[in-house]
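I have placed the structure first, in the form of structure tokens, so that the comments after it can refer back to it.
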Amino acid sequence: MAILNKAFFHDEAAAFAKLESIVWPKGPTCPHCGNAEKIYELKGVRSKPSKANPEGVERLGLKKCGACRKQFTARVGTVFESSHVPLHKWLQAAYLMCSSKKGVSSHQIHRALEVQYKTAWFMTHRLREAMRSGQLAPFGSGGGAVESDETFIGKDKSVRQRTWHFRPTHMNKVLSLVDRDTRQVRSFVVKDIRLSTIAPILAENISREARLMTDEALVYMYIGHNFSMHRHVNHSANEYVKLYNPTIHTNTVEGYFSIFKRGMKGIYQHCSSKHLHRYMAEYDFRYNHRIANGYNDMERTDVALAGIVGRRLTYRGSRSTSKH
Ligand SMILES: [Zn+2]
């Protein structure tokens, strides 16, 4: 069966069942009081009649808490709660974004799902937010190799600048780290590539026992000694791999940049610097959950959806945040 034929991409009740399996892997929990004991299904309840639906629509997935007597669905507390877009369209959008290596534009989502462009834009940004990793464990723990490199993103076609005296300041700058052992990437949108910016990021995200692999940029010459080993290749002399030791290179992170740049060029032409970190999160997410790391398209989509659920306000969270 083709994956897009799956019921939850078309049928709202099936989409609800899918969401419930992600929100409540151990069975339903009341989002109002946290009770998981007595939860009743409310079947056949209809919403208030409206012009478009004079008989109301069935309130799918409606449940009632035996402890606090309040009603809820799996949408409560997730981004889906405040969205008028049917759940099965959210699942379609998540799948489209997760299954294409270079991503899809809001325009494509707008056309494919037949939702307003503004709606499509909102959906894609929420899904990108869900893909943002909260992973904080430092790379290179256990002495593995970590590659670090920076790139410029923007319209300017000029070649990457290597000198400290001439930096194109109008372009967006991205720093990416790749852990070769875990095959994970972690990217940062940075305001500049000075020592004062780069050093703290490396200190926080790379283990001291790691072997650091970089190019010849001066900034790494100052911080390389913080790690168990630092080796670099000399890109300005067209050296991409050390001949005497082929593990010394930054080809993995360069390869990642090329996927990102091809995608940004083809799909996201007008990415403002304000949103760049979300696009980076999207590319990092797909790379970290790529086929070579053991994820197929549907599994990758499920992880992204779990991210949306993970960021929902819980009954505790909603109380504490309402104070501010
Ligand atoms: Zn309750």
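Can you give the local net charge around residue 144? Use residues other than it whose beta-carbon is closer than 9 angstrom to its beta-carbon, Lys and Arg +1, Asp and Glu -1.
Details: positive: 180, 211; negative: 179, 181, 209.
It works out to a net charge of -1.
Sort 284, 297 by Cβ crowding within 10 Å, fewest neighbours at the top.
Numbers: 284 22, 297 15.
With the sparsest Cβ surroundings first, the list reads 297, 284.
May I ask you to sort 98, 33 by Cβ crowding, counting other Cβ atoms within 10 Å and putting the fewest first? Write out the running numbers ahead of the final one.
Numbers: 98 25, 33 13.
Taking fewest neighbouring Cβ atoms as first place, the list is 33, 98.
Given segment 84-318 reduced to its alpha-carbon atoms as identical point scatterers, what log10 I(q)/I(0) does the Debye formula return at q = 0.09, 0.14 Å⁻¹?
So the normalised log intensities work out to -0.41, -0.94.
Report the charge-dipole magnitude of the chain in Debye, nearest 20, computed about the Cα centre from +1 at each Lys and Arg Cβ and -1 at each Asp and Glu Cβ. Don't skip to the answer; put the middle values down first.
Numbers: 50 positive and 28 negative charges, 225 e Å.
In debye, rounded to 20, the chain gives about 1080.
Counting Lys and Arg as +1 and Asp and Glu as -1, what is the net charge of the other residues whose Cβ lies under 15 Å from the Cβ of residue 188? Numbers along the way, then the final one.
On the way: positive: 132, 173, 186, 191, 194, 278; negative: 147, 149, 150, 179, 192, 204, 282, 284.
Within the 15 Å Cβ shell, the charges total -2.
Let me check against my output: what whole-number percent is the relative contact order of the chain, with C-alpha pairs under 8 Å and at least 6 apart?
On the way: 472 pairs, mean separation 62.8, N = 324.
Relative contact order for the chain comes out at 19 percent.
Please compute the net charge surrounding residue 36, taking Lys and Arg as +1 and Asp and Glu as -1 over other residues with Cβ under 12 Å from its Cβ.
Details: positive: 26, 38, 63; negative: 37.
Local charge sum for residue 36: +2.
Antiparallel versus total DSSP beta bridges in segment 84-318: what percent is that, nearest 5?
Numbers: 17 of 25 bridges.
Among the beta bridges of segment 84-318, antiparallel pairing accounts for roughly 70 percent.
Mean separation of Cα pairs under 8 Å and 6+ residues apart, divided by the residue count of segment 1-112: what relative contact order is that in percent? Before the final figure, lay out the partial values.
Details: 122 pairs, mean separation 27.0, N = 112.
Answer for segment 1-112 is 24 percent.
Output ³J(HN,Hα) for segment 172-183: one whole-Hz value per residue in order, computed from phi by the Karplus curve 6.51 cos²θ - 1.76 cosθ + 1.60 with θ = phi - 60°, and x for Gly and Pro.
Karplus-based 3J(HN,Hα) across segment 172-183 equals 6, 10, 10, 10, 10, 10, 10, 8, 5, 6, 8, 6 Hz.
Sorted by mean Cβ packing within 10 Å, highest first, what order do the peptides 48-54, 180-186, 124-130 take?
Working: 48-54: 8.3, 180-186: 18.4, 124-130: 21.1.
Averaged packing, sorted descending, gives the order 124-130, 180-186, 48-54.
How do 78, 247 rank when sorted from fewest to most other Cβ atoms within 10 Å of their own Cβ? Could the numbers behind the result be given before it?
Numbers: 78 25, 247 11.
By the 10 Å Cβ count, ascending, the order reads 247, 78.
Any chance you could run the full-extension gain for residue 218 through residue 297? It's 0.36 nm times the residue separation minus the Cα-Cα distance, nm to one decimal.
Values: separation 79, 0.36 × 79 = 28.44 nm, distance 4.01 nm.
Value of the extension gain: 24.4 nm.
Taken together, the values in this text are just the output of simple stated rules run on the coordinates, not laboratory data. Note that the structure is predicted; figures quoted are calculated from it, not measured. Every residue, glycine as well, gets a Cβ built from its backbone with ideal geometry; the counts of neighbours run over all protein chains shown.
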